[in-house]
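Working notes for the structure below.
The values are calculated or read from the model by the stated rules, or taken from the named source; none is laboratory data. All figures in this text were calculated on a predicted structure; none of them were measured in a lab. Methodologically, a virtual Cβ is constructed for each residue, glycine included, from the backbone with ideal geometry; neighbour enumeration extends over all protein chains shown.
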């Protein structure tokens, strides 16, 4: 048994033993969970995939004379931001698109530039064009604003992603006879390919399946800088059926994360275009798992062949919310490059970069070993599998028109 | 026997001439058209796999040059922007010729442009748009 406090003492003394989520698998195979739980203090996990519910808020500073873009309009490089706050606070979502983007009018739309691309350019230190429009008040008389702005000129620039790091995900296929364009990539007709999106055995929430060590306030690697778990992510769904090893068999837990965008890097926040679907942000997240006891290491040592995902049809079933899996495959099979679905051999592609996730594990390991990254104690747990917390579909109800 | 994949650029005045037919009849060359189109500037572009005996092949190439057809080897055409590629691998099942594969050890995406036939299927489906076309 170890505490986070004890592990932090070791980090400060330079005596901490850190291994990646991949290394721990081999170690446990050689030495067993008991020995490894005594020898290892921290296991680093990582993931690097498209995460649509990402975005950043900014305080742009006050112009002279003052303008209240709050309740008005504001764009960064033509991409509209949300302005429903005070005078100069704005939020830019990863999937926001310029008003004149043709979307899917020319099908499949290319979505070459959206909020995610603006975020990446800001993080890279590039100037962006800010346009503001306001209705004018006695205290904020200005109506229009157009200026270049740089991230370093802003008072705050904070990445705040309301759902990231999905614990497991679907394997997407297309049973129809036409190509379809989805957030899981282009899916060729008649089971032409199978796309998945997870770092599998490196993925943070898959290595701590019951959220024993991760909670609200956990310090993480976020976009190349330091961030924190702010809350459970939206659609957090811990009650999904699990295998004996505790791993959910379908998309389950999620986290909301927050961190200072100014210290992040464009290598780990990448603006992305999903053909026929939209713009999104690839986010790099790394999570340290403190090895509190043998159970923690048992979970952290789970490998690809023991993590299962469901194969889901995205031509009819997914869009129409028709439940049903075409089968279950593990990440070892997915990584082999082909799986068998309905008797057919289907090539697989991953949307989430395993090699980049691995780099994140190594980077976070380096930070902890150097003493630059002290672990934090979570201040509250995430809703767990037996909490009753779950995910609901929208129940539509008729809106009754008032009679004249 | 020589076999090469080449990109032919036909100037406007040659677009309606039976150039490939001559390659077959006069020089006994085999061809496989991988791609062909006329660009808005009315320049014809054709990607050919051309094969035949060495001296016939060379004569055929000379013939193309004498007509004013510009040529370049195919491998120059689809280029991976190494700083943009995140090595996710979603392009791998899209590639019809296995020019894009995953290295089983490093899990990085390998691009073998000798195998690339410049179909461009990978270009628009690449999430960070790392595959670029340079004709």
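Points worth noting:
- Tally, over the stretch B:80-101, of residues that are within 19 Å of residue A:272 (Cβ to Cβ) and at the interface with chain A (Cβ under 10 Å from one of its Cβ atoms): 13
- Scanning the stretch A:354-364 for residues being touching a helix residue (DSSP H, G or I) at 6+ places or on another chain (Cβ under 9 Å) and either surrounded by 23 or more Cβ atoms within 10 Å (Cβ to Cβ) or away from chain B (no Cβ under 13 Å) (or both) gives a total of 4.
- Taken over the stretch A:131-160, the criterion of being outside any strand (DSSP E or B) and closer than 12 Å to residue A:56 by Cα is satisfied by A:151 alone.
- Count of residues meeting criterion [assigned to a loop (DSSP other than H, G, I, E, B), in contact (Cβ under 8 Å) with a residue 60 or more places away in the chain and either under 27 Å from residue A:268 (Cα atoms) or facing another protein chain (nearest Cβ under 7 Å) (or both)] in the stretch A:322-353: 3
- Hits in the stretch B:81-107 - residues which are out of contact with any strand residue (DSSP E or B) (no Cβ under 7 Å at 6 or more places or on another chain) and surrounded by fewer than 18 Cβ atoms within 10 Å (Cβ to Cβ): B:82, B:83, B:84, B:96, B:97, B:98, B:104, B:105, B:106
- Here residue A:24 does not qualify as crowded, with 24+ Cβ neighbours inside 10 Å, touching a residue at least 60 places away in the same chain (Cβ under 8 Å), in a strand (DSSP E or B) and not assigned by TED's automatic domain parsing to the domain that holds residue A:150.
- Hey, residue A:291 out of contact with any strand residue (DSSP E or B) (no Cβ under 6 Å at 6 or more places or on another chain) and in contact (Cβ under 8 Å) with a residue 24 or more places away in the chain or not: yes
- Some residue of the stretch A:332-348 being surrounded by 14 or more Cβ atoms within 10 Å (Cβ to Cβ) and under 29 Å from residue A:231 (Cβ atoms): no
- Residues of the stretch A:18-70 that are in contact with a helix residue (DSSP H, G or I) (Cβ under 7 Å, 6 or more places away or on another chain) and more than 30 Å from residue A:233 (Cα to Cα): A:27, A:28, A:33, A:34, A:36.
- Residue A:148 vs. criteria touching a helix residue (DSSP H, G or I) at 6+ places or on another chain (Cβ under 6 Å), modelled with pLDDT of 95 or more and either within 18 Å of residue A:51 (Cβ to Cβ) or surrounded by fewer than 18 Cβ atoms within 10 Å (Cβ to Cβ) (or both): no
- Count of residues meeting criterion [facing chain A (nearest Cβ under 9 Å), in contact with a helix residue (DSSP H, G or I) (Cβ under 8 Å, 6 or more places away or on another chain) and at pLDDT 95 or above] in the stretch B:105-128: 5
- When we screen A:356, A:366 for residues that are touching a residue at least 40 places away in the same chain (Cβ under 8 Å) and in the same structural domain as residue A:171 (by TED's automatic domain parsing), the only hit is A:356.
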